[in-house]
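Chemist: Right, I'll just put the structure down here and ask away after.
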Amino acid sequence: MRQNNAGCLTGVIASFSRLLLLMFWLARPVTMDAMFSTFLVPCLGFFFLPLTTLMYVLLQSSAVGGLQGLDYLWLVLAAVMDLASLGSAGYTNRDRLPANFPGSTPQGG
């Protein structure tokens, strides 16, 4: 019988952008405070769009006159990657509901 022992590695790779955002937040709290006026926006970004939030912080901290030009392309690409990650997780877990769960469809038909 074959065992799958990649659970820990999968978890680290899946949360890589969140770990980077958290490390940036801990290493440079003044920069994070300068980027966002409230605690709510980066907290929501951490849970729902971590790569987009990280890209915004990196681009905004290196920009002199704010975001401009190709910076928006990088933000859109990060948002697409975040949304693709959420969509692929939902698609992968679509059959994990038990057959008698309300709203599930019967298999094979």
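Chemist: Which pairs do you get when a residue that is among the β-branched types (V, I, T), found in region 15-33, comes within reach of a residue that is surrounded by 12 or more Cβ atoms within 10 Å (Cβ to Cβ) and at pLDDT below 90, reach meaning Cβ atoms under 6 angstrom, with the pair 6+ apart or on two chains?
Modeler: Matching pairs, first to second residue: T31/S61.
Chemist: Continuing with this model, one more query. Out of (1) surrounded by 12 or more Cβ atoms within 10 Å (Cβ to Cβ); (2) modelled with pLDDT under 80, the odd one out for P50 is which?
Modeler: Answer for P50: the failing condition is (2).
Chemist: If you go through region 2-14 one residue at a time, do you hit one that is assigned to a helix (DSSP H, G or I) and either at pLDDT 75 or above or surrounded by 14 or more Cβ atoms within 10 Å (Cβ to Cβ) (or both)? Walk me through it before giving the result.
Modeler: Start the filter on region 2-14 by keeping residues that are assigned to a helix (DSSP H, G or I), which leaves 7-14.
This time we only want the ones that are either at pLDDT 75 or above or surrounded by 14 or more Cβ atoms within 10 Å (Cβ to Cβ) (or both), so: none.
Within region 2-14 (the criterion being assigned to a helix (DSSP H, G or I) and either at pLDDT 75 or above or surrounded by 14 or more Cβ atoms within 10 Å (Cβ to Cβ) (or both)), the answer is no, since none of the residues qualifies.
The values are calculated or read from the model by the stated rules, or taken from the named source; none is laboratory data. Please read these numbers as outputs of a predicted model, since none were measured by experiment. Ideal geometry is used to build each Cβ from the backbone, glycine not excepted, and the neighbour counts take in all protein chains shown.
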